[in-house]
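*Asks:* Just passing along the structure, written as structure tokens.
The values are calculated or read from the model by the stated rules, or taken from the named source; none is laboratory data. It should be emphasised that the depicted structure is a prediction, and the values quoted were computed from it without experimental measurement. Counting neighbours? That spans all protein chains shown, and the Cβs are built from the backbone with ideal geometry, glycine included. Note: areas computed on protein heavy atoms with side chains; ligands, DNA, RNA excluded. Shrake-Rupley method; radii C 1.70, N 1.55, O 1.52, S 1.80 Å.
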Amino acid sequence: MSKDNFALSTGYLKKVVPLLMKYQVPATPTNYALWYTYVADSDTDLSLLINESIQATGTLSETQCEQLYQSHFADKKVKEADDFQQSLQALALEMGNTMEDTLKDTDNFQSTLDKTFSQLSRVGEETLSMDETIAVVRSAVKGSNEIRQSTSFFKNQLADAQKEIERLKETLDQANEDALHDALTGIFNRRAFDSELSTLANSPPPKGFSLLLCDLDHFKNFNDTYGHLMGDQVLKLTAKRLSEYCREGIQAFRYGGEEFALLVPNRPLKSACRVAETIRASIDRLVIKDKKTSTKLDNIAVSIGVAQFEKGDTIRSMIARADAQLYEAKNLGRNRVMPIP
């Protein structure tokens, strides 16, 4: 290394360490590489993203550092392996839901057959002789037994396959417990949410921040009516719509099941409620098509509870207030934001 290069790198080092301390960023090798590049201004896009985050939230969280490192530094093969792992997990989830829906359809089919042949076994057609009626009934009962055996075997096979898929899902869940993204929707997961909320609560942005808790209305009924695969599509579509509002520091997370969360920096309660209302109206306009029946479904709606981080708040108390507002939105009829913008 030449003296000039040594002096230059030493100068960057003197700038990086104070920045890590200022923004309370752990001095890991990956974070150092990230901030060294920022100080050296050798990646314009990276510097722009870091500046935007600092302007919006006053810091760069651990989750954001990891995301930026993955997108700007991580080896392509590493990213491809991570993408493959997430895709495989999503596939396992969807296959599991397919099996569950198929088992449900099989139960309904067998129930219908049982009812039909039960009625047929009691029929007494005047146009048929007793011997002819008995022959029809015997034939129908024989066919019913054959179909029952066939569907029973198929059901057992599906049940065994579903057990294997559940095992695979558990294995993948364990392998991905440290991941930051939800495999199904692609947005940040609950672990990332906990990390981000902790960062914001410990070092609030200049104008504070707000939390939006979102819950899809009647989602269980939707799953029961249209199947889990359609339910998965709704979750993906909702996550995609929420991602469209992730600007000016706003971040979206899959909080759990059909629940989502957004962290909104530098927005007081009223402003955050207006953001929530815009999101609610946007989701209310979503339309999804059932490929099986070609039916368009437009009954997707979300209830949202909003809370602002206040002096003396803990993470638990803030979540509890947002959850209480969400419960009130549900109680008042759903598809609304509370408190009212």
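*Asks:* So, restricting to strands (runs of 3 or more DSSP E) that lie completely within the stretch 230-290, which ones have at least 2 residues that are of a type in the set (G, A, S) and surrounded by 20 or more Cβ atoms within 10 Å (Cβ to Cβ)? Outline the logic, then answer.
*Replies:* On the way: elements: 251-256, 259-265, 288-290.
Output list is empty.
*Asks:* While we're looking at this one, here's another question. Report whether or not L200 is surrounded by 16 or more Cβ atoms within 10 Å (Cβ to Cβ), among the hydrophobic types (A, V, I, L, M, F, W, C), touching a residue at least 60 places away in the same chain (Cβ under 8 Å) and touching a Pro at 6+ places or on another chain (Cβ under 9 Å).
*Replies:* yes
*Asks:* Something else: From the residues in the stretch 204-214 that are touching a Phe, Trp or Tyr at 6+ places or on another chain (Cβ under 8 Å) and open to solvent by 10 Å² or more (accessible area, probe 1.4 Å), which one is nearest to V306 (Cα to Cα)? First the steps, then the outcome.
*Replies:* Of the residues in the stretch 204-214, the ones touching a Phe, Trp or Tyr at 6+ places or on another chain (Cβ under 8 Å) are 204, 208-211, 213-214.
Adding the requirement that they be open to solvent by 10 Å² or more (accessible area, probe 1.4 Å) leaves 204, 208.
Details: P204: 17, G208: 14 Å.
It comes out as G208.
*Asks:* Could you please give the count of residues in the stretch 4-48 that are of a type in the set (A, V, I, L, M) and part of a loop (DSSP other than H, G, I, E, B)?
*Replies:* Residues that pass the stated criteria total 2.
*Asks:* While we're here: Only one of these is touching a residue at least 12 places away in the same chain (Cβ under 8 Å), closer than 15 Å to L212 by Cα and touching a Ser or Thr at 6+ places or on another chain (Cβ under 7 Å): A239, A261, A276. Name it.
*Replies:* Checking each option against the conditions leaves just A239.
*Asks:* Please work out which residue is surrounded by the most Cβ atoms within 10 Å (Cβ to Cβ), limiting yourself to the stretch 49-67 and to residues that are in a helix (DSSP H, G or I) and hydroxyl-bearing (S, T, Y).
*Replies:* Pass one, the stretch 49-67, residues in a helix (DSSP H, G or I): 49-57, 62-67.
With the extra rule that they be hydroxyl-bearing (S, T, Y), the set shrinks to 53, 57, 63.
Values: S53: 19, T57: 26, T63: 19.
Top of the filtered list is T57.
*Asks:* While we're on this one: So which of I319, I340, I300 is outside any helix (DSSP H, G or I) and either open to solvent by 80 Å² or more (accessible area, probe 1.4 Å) or at pLDDT 95 or above (or both)?
*Replies:* None of the others qualify; the one that does is I340.
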